[in-house]
Amino acid sequence: MTTFLRRPLVAWLLVAAWMGVIFLFSAQPQRAVAPGPLFDYLSKKTAHLLSYAILAALTYRAARLTWPTASRGRAALAALAIAVTYAISDEVHQSFSPGRNPSPGDVGIDTLGALLGLALVVAWP
């Protein structure tokens with residue numbers, strides 16, 4: 001990996017960019033993304049899971065670059081706290097988007113995604 005990509009500022013900019021992607025998708029009106037109600041539901045929940053797995057992994061990486069002496073556990077807890085806080089704020093944001101409703105269940109799925117993403121990056125050698 002190049003030195004440029006190992007800079008903390010770049011890592012945090014990637015986190016912010018990914019948060020922007022999530023924000024843009026959550027601002028879209030509710031519509032079907034897959035044929036059939038079950039497949040549509042599963043597709044949307046999988047998107048939640050993966051989006052927050054990526055967010056948590058990016059945040060973990062940024063935290064480790066910013067505080068290299070911090071333990072993996074502390075960096076993971078910081079990344080989880082940021083991802084869950086953003087998930088909650090995203091649901092609040094959806095309450096202002098036409099046809100969208102906030103869902104505590106989505107925060108739970110987002111949290112699970114963040115935990116899965118963190119499990120992968122923390123276990124990575």
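The values are calculated or read from the model by the stated rules, or taken from the named source; none is laboratory data. Predicted, not measured: the structure shown is a model, and the values here were computed from it. All Cβ positions, even for glycine, are placed from backbone atoms using ideal geometry, and neighbour counts span all protein chains on display. Ligands, DNA and RNA are excluded from the accessible area calculation, which covers all protein heavy atoms including side chains. Shrake-Rupley method; radii C 1.70, N 1.55, O 1.52, S 1.80 Å.
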Which of the residues spanning the range 100-125 are part of a loop (DSSP other than H, G, I, E, B) and open to solvent by 60 Å² or more (accessible area, probe 1.4 Å)?
Asn101, Pro102, Trp124, Pro125
Can you tell me which residue among Asp40, Asp110 is at pLDDT 95 or above and acidic (Asp, Glu)?
Asp110
Quick check, is Phe96 of a type in the set (Phe, Trp, Tyr), outside any helix (DSSP H, G or I) and open to solvent by 40 Å² or more (accessible area, probe 1.4 Å)?
yes
So Ser89 passes all but one of these: (1) closer than 13 Å to Asp110 by Cα; (2) touching a residue at least 24 places away in the same chain (Cβ under 8 Å); (3) open to solvent by 50 Å² or more (accessible area, probe 1.4 Å). Which condition number does it fail?
(2)
Go through the range 45-72 and give me each residue that's assigned to a helix (DSSP H, G or I) and open to solvent by 40 Å² or more (accessible area, probe 1.4 Å).
Lys45, Thr46, Ala47, Leu49, Leu50, Ile54, Leu58, Arg61, Arg64, Leu65, Thr66, Arg72
